[in-house]
Amino acid sequence: MKKMVITIDGPAGAGKTTVSRALADRLEYKYIDTGALYRGVALAAKSQGIGADDDAALEKLCDSLALTFVWRQGLLRLVANGEDISDKIRTPEITMLASAVSARPVVRKFLLTVQRDLGREKSAVFEGRDMGTVVFPDAEIKFFLEASEKTRSYRRYLELKSKNSQSLEDVEKDMRQRDKNDSTRAIAPLKPAGDAKIIDTTDLSVDEVVELMLTHIQRLV
């Protein structure tokens, strides 16, 4: 199969992470969680007391921030300036802060370069929110996953259950706010690319979604 860049966009809880990993495994491709990069910037900003709307400070921060992915014990880990921050970025506070900093042009410009460098050799599945619309508009194939709000909230609740004590109601509230932030921001709003394959995962298993994706991919080869 020819080398391709595959993008998978969509809101939280639509199944992007699980499906992206599974698809990358099936294709023996690299899996890139681009949302982790924004979380990495958010964590660095928080540790330095930088506000999400302080563009000058954010730009200076990005100039000194080196973000890389490494495989450790079969898991993809995010390293910032030599420190593994994979566990620190998975909190509700960092999730919301990442949504806020992702709207800042200086942050998006910085991570655009990082992401395109990661995709230079292709053979990669990129999961995110603007992969098919902004970062890789010429990707060989693009997917956009969606699901009902109730389904997405419950999935997110189960995912976070072992990591924090948020109630289902709090998860729903945060998700609704994040959806609003991501879909209404002026720069790179969350939306399907015009040529994306839209898949509603509400009533589909992970395997069913992956098989559907593979059907679309096989038509290209």
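The values are calculated or read from the model by the stated rules, or taken from the named source; none is laboratory data. This structure is a prediction, so every number in the text was calculated from the model and none was measured. Please note: Cβ atoms are built from the backbone with ideal geometry, for glycine as well, and neighbour counts cover all protein chains shown.
Listing for the model above:
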read-out	value
Qualifying residue in the stretch 205-220 (condition: of a type outside the set (A, V, I, L, M) and within 30 Å of PHE110 (Cβ to Cβ))	no
Residue ID - surrounded by the fewest Cβ atoms within 10 Å (Cβ to Cβ), chosen from residues in the stretch 150-178 that are acidic (Asp, Glu) and either at pLDDT 90 or above or in contact with a Ser or Thr (Cβ under 8 Å, 6 or more places away or on another chain) (or both)	GLU169
Residues of the stretch 62-77 satisfying the condition of being within 16 Å of the chain's Cα centre (by Cα) and not aliphatic (A, V, I, L, M)	THR68, PHE69, ARG77
Any hit, the stretch 51-61, residues being closer than 17 Å to LEU111 by Cβ and within 15 Å of the chain's Cα centre (by Cα)	no
The one condition in (1) in contact with a Leu (Cβ under 6 Å, 6 or more places away or on another chain); (2) surrounded by fewer than 17 Cβ atoms within 10 Å (Cβ to Cβ) that ILE32 fails to fulfil	(2)
Per-region count, the stretch 36-77, residues out of contact with any strand residue (DSSP E or B) (no Cβ under 6 Å at 6 or more places or on another chain) and either under 26 Å from VAL171 (Cβ atoms) or part of a helix (DSSP H, G or I) (or both)	22
Test: SER86 is touching a residue at least 12 places away in the same chain (Cβ under 8 Å), on the phi < 0 side of the Ramachandran plot and of a type in the set (S, T, N, Q)	yes
Helices (runs of 4 or more DSSP H) wholly inside the stretch 111-221 that include at least 3 residues being under 18 Å from the mean Cα position of the chain (by Cα) and of a type in the set (A, V, I, L, M, F, W, C)	206-218
Near pairs, Cβ below 6 angstrom, 6+ apart or cross-chain, from the stretch 102-124 (buried (at least 18 other Cβ atoms within 10 Å of the Cβ)) to any residue that is among the basic types (Lys, Arg)	ALA103/ARG185; ALA124/LYS30
Within the stretch 200-221, considering residues that are buried (at least 18 other Cβ atoms within 10 Å of the Cβ) and in contact with a helix residue (DSSP H, G or I) (Cβ under 6 Å, 6 or more places away or on another chain), the one nearest to ARG152 (Cα to Cα)	THR201
Cross-chain or 6+ apart pairs with Cβ under 9 Å, the stretch 18-31 first and more than 22 Å from GLU146 (Cβ to Cβ), then in a helix (DSSP H, G or I) and among the small types (Gly, Ala, Ser)	LYS30/ALA24
